[in-house]
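See structure below.
The values are calculated or read from the model by the stated rules, or taken from the named source; none is laboratory data. These numbers were taken from a predicted model, which means no experiment stands behind them. With ideal geometry, Cβ positions are generated from the backbone for all residues, glycine too; neighbour counts draw on all protein chains shown.
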Amino acid sequence: MSILARASSRRSFLVSAGTLGLAATSALSAPFYARNTQRPAFSLGVQSGDVDGGSAMVWTRTDRAARVSVELSTTESFADPVRLSAKDALPGTDQAVKWLAEGLLPDQDYFYRFRAHDISDVNLVAEPVTGRFRTAPLKRRAVRFAWSGDTAGQGWGIDDVGMKTYSTMAWHQPDFFIHSGDTIYADNPMPDEITLRDGTIWKNRVVTEEKREVARTLREYRGQWKYNLLDDHVRAFNATCPAFYQWDDHEVLNNWSASTDLSDDPRYPEKDISVYAARAARAFDEMTPIRVPATEPGRIFRKVSYGPLLDIFFLDLRSYRGENQDEKSGLLGWRQIDWLKRELSASRALWKVFACDMPLGLVIWDDYGRKSGIEGVADGKGGAPSVREGEIADLLSFMKRKDIRNTIWLTADVHYTAAHHYDPARAGFTDFDPFWEFVSGPLHSGTYGPKPLDPTLGPEVRFIKSSGGGIDSNLPPSAGLQFFGLVDIAASGEATVRLMDRENHELWRVTLQPEGYVGA
């Protein structure tokens with residue numbers, strides 16, 4: 001069946017979804033989380049993700065076992081829709097289901113609608129839910145996307161305002177959003193109230209059973225995701241903007257690696273970190289529209305091609321890292337590095353964006369029982385690269401030799417926003433071309449102070465906004481220091497990066513001119 005009809009305008013769909021007026025709504029709508037005893041319900045809205053020029057993942061969840069179907073159309077009225085094969089939403093996946101929609105037209109608005117009926121009574125029918133996405137272009141056109149990280153951390157949950165940064169991002173109508181890790185905080189229990197330094201009270205208007213303790217069981221890891229999806233801002237954003245997910249540490253627990261020692265931590269009865277990592281990875285796959293190869297369950301590193309102007313390389317600095325306390329242990333691992341070099345060499349896109357879950361040049365220590373250990377890439381010593389810095393240095397040298405240009409690194413993790421420029425003229429290691437790294441976040445978590453720079457790769461701070469450190473660390477979302485970034489790639493090829501806050505103030509921008517490109 002052909003899908004060739006004209007799509008409704010993007011703005012009209014955003015308005016109909018309630019996204020643009022979301023700040024005036026309550027932070028939680030009862031129909032999305034309260035079980036309807038008469039018929040099934042789509043309890044957490046819809047999501048799309050990993051959209052390219054001919055395919056997309058779409059996701060939803062029901063509040064009980066149900067038979068779910070999905071249809072796609074290029075019109076908001078769903079004239080002449082294409083229906084994908086129905087699936088059963090069952091307890092084995094916590095009633096979460098997702099589809100890979102293939103054979104789509106490039107550069108086309110698609111609307112998708114989920115329907116469901118009770119698996120044991122076809123007469124109990126759910127109210128349908130809808131979403132939209134736009135496929136990547138085949139030809140040059142302007143592309144806009146957002147990125148950030150860190151959602152619902154440090155006990156800051158859904159208050160009366162809710163996770164407002166998501167509706168601010170939606171106002172910009174990005175083609176897609178990169179969530180750069182710490183997508184949940186499985187190790188941060190959520191209290192009902194937090195006393196702020198001025199004596200006022202932060203009230204988490206919504207606290208679920210799974211959020212009152214650290215996550216240990218699969219049900220509890222799933223519950224971390226379900227909590228975030230109770231927020232109106234998040235659900236409305238998901239309905240209109242595809243999300244491309246990667247993970248960092250808090251999806252499992254703080255600063256985890258394969259060598260994390262839990263022997264003295266009474267919160268975790270099972271002492272093998274791999275048990276929790278496996279449960280977290282399963283929940284991550286089930287609760288997001290990530291495209292995971294069937295032959296490689298749990299794999300997060302991947303490339304998404306978004307037309308001739310952009311390839312995005314999603315890195316995984318968690319799954320393959322060695323011990324944090326061992327300077328001989330890497331982060332990426334040979335398998336991921338080999339994949340990355342092959343994909344970079346094959347890429348014909350103008351811009352190559354690295355979605356990296358940690359900054360490259362900031363000194364980040366392991367504070368999970370081993371304060372002398374290294375949590376990030378940089379070792380804090382300067383000079384020649386250590387093993388973790390060496391992985392990045394080797395990659396940068398490879399790109400210089402292969403003449404792979406027009407690269408941008410995007411990251412989060414440190415709970416403030418910054419622009420870093422890396423230059424061999426300032427570096428202890430010099431065999432690379434200059435490049436930019438942009439840091440954003442948190443989306444809805446505590447805001448912290450700046451981290452020190454390691455000079456090995458020659459970073460220089462061109463802009464920063466943070467809590468300032470010291471007594472001002474872990475400022476709540478109400479302090480206003482919640483951040484996201486926007487990247488606009490024009491059809492001419494130039495890329496403009498903007499650092500924004502949740503009140504939609506533009507804090508800083510830079511426009512980058514591509515090398516070796518003749519614009520449209």
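Look at region 328-343: where a residue is touching a residue at least 40 places away in the same chain (Cβ under 8 Å) and a partner is of a type in the set (V, I, T) and assigned to a helix (DSSP H, G or I), sitting 6+ places away or on another chain with Cβ atoms under 8 Å, you get K328/V387; S329/V387; G330/V387. When region 209-234 is examined, which residues are found to be in contact (Cβ under 8 Å) with a residue 40 or more places away in the chain, in a helix (DSSP H, G or I) and over 24 Å from R144 (Cα atoms)? If the condition is that a residue be in contact (Cβ under 8 Å) with a residue 40 or more places away in the chain, in a helix (DSSP H, G or I) and over 24 Å from R144 (Cα atoms), then K211, L218, R219, Y221, R222, Q224, W225, K226, Y227, N228 are the ones that fit.
Quick check on region 268-282. Is at least one of its residues part of a loop (DSSP other than H, G, I, E, B), out of contact with any helix residue (DSSP H, G or I) (no Cβ under 8 Å at 6 or more places or on another chain) and not charged (D, E, K, R)? Looking through region 268-282, at least one residue is part of a loop (DSSP other than H, G, I, E, B), out of contact with any helix residue (DSSP H, G or I) (no Cβ under 8 Å at 6 or more places or on another chain) and not charged (D, E, K, R).
Among the residues of region 54-83, those identified as surrounded by fewer than 17 Cβ atoms within 10 Å (Cβ to Cβ) and under 25 Å from the mean Cα position of the chain (by Cα) are G54, S55. For region 30-63, taking the residues that are among the β-branched types (V, I, T) and part of a loop (DSSP other than H, G, I, E, B), the one that is modelled with the lowest pLDDT is identified as T37. Under the condition of being modelled with pLDDT under 95 and assigned to a loop (DSSP other than H, G, I, E, B), the residues counted in region 466-479 number 5. For region 277-314, the set of residues classified as over 20 Å from C356 (Cβ atoms), touching a Lys or Arg at 6+ places or on another chain (Cβ under 8 Å) and of a type in the set (D, E) consists of E286 only.
Each row is one residue, and each column tells you yes or no for (1) loosely packed, with under 15 Cβ neighbours inside 10 Å; (2) touching a residue at least 12 places away in the same chain (Cβ under 8 Å); (3) not in a loop (DSSP other than H, G, I, E, B).
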position	(1), (2), (3)
F429	no, yes, no
D433	no, yes, no
W436	no, yes, yes
P442	no, yes, no
I464	no, yes, yes
V497	no, yes, yes
E503	yes, yes, no
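Here F78 passes the criteria (1) on the phi < 0 side of the Ramachandran plot; (2) at pLDDT 50 or above; (3) aromatic (F, W, Y) except the one numbered (1). The sole residue among F313, F237, F244 that is out of contact with any helix residue (DSSP H, G or I) (no Cβ under 8 Å at 6 or more places or on another chain) and either within 24 Å of V487 (Cβ to Cβ) or outside any loop (DSSP other than H, G, I, E, B) (or both) is F244.
Residues in region 93-150 that are small (G, A, S) and within 30 Å of N474 (Cα to Cα): A146, S148, G149. L138 falls short on exactly one of the conditions (1) surrounded by 24 or more Cβ atoms within 10 Å (Cβ to Cβ); (2) assigned to a loop (DSSP other than H, G, I, E, B), and that condition is (1). Inspection of region 447-456 identifies at least one residue that is in the same structural domain as M163 (by TED's automatic domain parsing), of a type in the set (S, T, Y) and buried (at least 24 other Cβ atoms within 10 Å of the Cβ). For region 320-331, state whether one or more residues are within 22 Å of D150 (Cβ to Cβ), at pLDDT below 95 and among the charged types (D, E, K, R). Yes; the residues of region 320-331 include at least one that is within 22 Å of D150 (Cβ to Cβ), at pLDDT below 95 and among the charged types (D, E, K, R). Within region 398-420, is even one residue in contact with a Gly (Cβ under 9 Å, 6 or more places away or on another chain), in a helix (DSSP H, G or I) and surrounded by fewer than 20 Cβ atoms within 10 Å (Cβ to Cβ)? No, because not a single residue in region 398-420 is in contact with a Gly (Cβ under 9 Å, 6 or more places away or on another chain), in a helix (DSSP H, G or I) and surrounded by fewer than 20 Cβ atoms within 10 Å (Cβ to Cβ). Does G376 count as within 23 Å of the chain's Cα centre (by Cα) and either in the same structural domain as G485 (by TED's automatic domain parsing) or part of a loop (DSSP other than H, G, I, E, B) (or both)? Yes, satisfied.
Residue-by-condition table, conditions (1) outside the structural domain of A479 (by TED's automatic domain parsing); (2) surrounded by fewer than 21 Cβ atoms within 10 Å (Cβ to Cβ); (3) closer than 30 Å to A215 by Cα:
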site: Q95; (1), (2), (3): yes, no, yes
site: Y110; (1), (2), (3): yes, no, no
site: I119; (1), (2), (3): yes, yes, yes
site: V122; (1), (2), (3): yes, yes, no
site: G157; (1), (2), (3): no, no, yes
site: H172; (1), (2), (3): no, yes, no
site: H179; (1), (2), (3): no, no, yes
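Each residue in region 456-479 was checked for being touching a Lys or Arg at 6+ places or on another chain (Cβ under 7 Å) and either at positive phi or not charged (D, E, K, R) (or both), and 1 pass. Please find, among F114, F145, the residue that is aromatic (F, W, Y), assigned to a strand (DSSP E or B) and closer than 16 Å to Y166 by Cβ. After ruling out the rest, the residue left standing is F145. Summed over region 283-310, residues that are hydroxyl-bearing (S, T, Y), assigned to a loop (DSSP other than H, G, I, E, B) and surrounded by 13 or more Cβ atoms within 10 Å (Cβ to Cβ) total 2.
Scanning region 92-139 for residues that are in contact with a helix residue (DSSP H, G or I) (Cβ under 7 Å, 6 or more places away or on another chain) and free of Cβ contacts under 8 Å to residues at least 40 places away in the same chain yields a count of 0.
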